[in-house]
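Read the figures in this text as sums done on the coordinates, not as results from a lab. Here the structure is a predicted model, which means the values were calculated and not measured. Note that each Cβ is placed from the backbone with ideal geometry, even for glycine, and that neighbours are counted across all protein chains shown.
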Amino acid sequence: MDKYVVFGNPIAQSKSPYIHTLFARQTAQAMTYTAQLAPVDGFKAAADDFFASGGRGCNITAPFKEDAYQYASQLTERAKLAGAVNTLKKLDDGVILGDNTDGEGLVQDLLQNQVELAGKRILLIGAGGAARGVILPILAQQPELLVVTNRTLAKAEQLAELFSGYGNIDAVALEALEEPNFDVIINSTSAGLSGQLPGISDKLIKPAVTCYDMVYGPKLTAFNQWARDLGAGKTLDGLGMLVGQAAESFMLWRGIRPGAKQVKNELRRAMQ
Ligand code: ATR
């Protein structure tokens, strides 16, 4: 049996073992996938032990994504630009490859929900690690424009600069966003975790807009509730991104694309 694991601290809340076990069943892969708590300062030792004992690959969640970035001996371009790794794979020659599948998970979830990004105007709210991880895959869809906005504008400007060679990207202050011309608005901030809104103008929400909140929960998120109340045509939450990033990791490890939709539906049902 090929061994896979997810490392985090805390880890009990992780849905990854459930998701990957369903993927493995769906695609008839002989593998196990479990959750492992690593000490906050002990990622390297835990990963060393895992790979030394025959582990084939792992996912990495908070707070270890930067540690995993350092740990990898080779990085994909999207991991390099994200500055963080959520997936490690031991290659046949023993090299540990680091990848970041979060952004592609978001993009695939949008596409599966009939939300195209090509040629569209996209607003990304937030400029932390979650935002940085999704920019390259969004730009790869060739939107007309990606605007990054953030409470601390300087951080949005840094991201726009970092990714300026990869597509049409700009940074705009929250309070300067007045034009209601975005097609897709993505909330990557952690504001919702404390019940707060990220602070964009009501004017940006109209029926043709899709709002995507990277967080999720049993109830509509605060941001999506706000957007719906203002008449947003479609709201999606990060449960699909969670399953999407898992599907991309699974694909990297096993070379088979699992069906994300069924697993997302099962998770949603289990959360109610
Ligand atoms: P993550 O890795 O989840 O992105 P992070 O790097 O701590 O976490 O970034 C959190 C993001 O949420 C930042 O963009 C932060 O804005 P600042 O850069 O100005 O701190 C944003 N954020 C957090 N709470 C917020 C709030 N109440 N309103 C608006 N933005 C908020």
remark   = Interchain or sequence-distant (5+) residues whose placed amide H lies within less than 5 Å of the amide H of VAL6 are THR34, ALA35, GLN36, ASN59
25 °C / 0.890 mPa s Stokes-Einstein diffusion coefficient of the stretch 103-237, Kirkwood radius on C-alpha pairs, µm²/s = 169
request  = Scan around LEU75 for amide H atoms under 5 Å from its own, H built in the peptide plane at 1.01 Å from N, and keep only partners 5 or more places away or cross-chain.
outcome  = GLY98
request  = Could you tell me how many degrees, from 0 to 90 and to the nearest 10, lie between the Cα long axis of helix 260-271 and the main elongation axis, the longest principal axis, of the Cα atoms of the chain?
outcome  = 80
ask   = Are there GluC sites (Glu not before Pro) in the stretch 127-162 that DSSP puts in a loop and that have at most 16 other Cβ atoms within 10 Å, and which ones?
value = GLU144
remark   = The size of the Cβ-based charge dipole (Lys, Arg +1; Asp, Glu -1) of the stretch 103-237 about the Cα centre, to the nearest 20 debye, is 240
key: Residue among ALA72, GLY57, LEU136 farthest towards the positive dipole end of the stretch 1-153, charges placed on Cβ   = LEU136
request  = Rounding to the nearest 20 debye, state how big the charge dipole of the chain is about its Cα centre with +1 on each Lys and Arg Cβ and -1 on each Asp and Glu Cβ.
outcome  = 840
From phi via Karplus (6.51, -1.76, 1.60), per-residue ³J(HN,Hα) for the stretch 53-69 in Hz, x at Gly/Pro = 8, x, x, 9, x, 8, 9, 10, 10, 3, x, 9, 5, 6, 4, 5, 4
task = Return the percentage of antiparallel bridges among DSSP beta bridges fully within the chain, rounded to the nearest 5 %.
result = 20
key: Total lysine pairs under 26 Å (Cα atoms) in the stretch 103-237, excluding pairs fewer than 8 apart on one chain   = 10
query = Expressed as a rounded percentage, what relative contact order does the stretch 103-237 have, with Cα pairs under 8 Å and six or more residues apart?
reply = 21
key: Separation between Cα centres of the stretch 2-64 and the stretch 202-239, rounded to whole Å   = 31
request  = Among the lysines, select those whose C-alpha is under 27 Å from the C-alpha of LYS89, and discard any that sit fewer than 8 residues away in the same chain.
outcome  = LYS3, LYS15, LYS44, LYS65, LYS80, LYS261, LYS264
Dipole of the chain [Lys/Arg +1, Asp/Glu -1 at C-beta], most positive-end residue of LEU117, GLY165, GLY240 = GLY240
query = Relative contact order for the chain: what is it in percent, counting Cα pairs under 8 Å that are at least 6 residues apart?
reply = 16
query = Angle between the Cα long axis of helix 239-254 and the longest principal axis of the chain, 0 to 90 degrees, nearest 10?
reply = 40
key: Degrees, to the nearest 10: 16-26 long Cα axis against longest axis of the chain   = 70
ask   = Rg to Rh for the chain: what is it, with Cα atoms only and Rh by Kirkwood?
value = 0.97
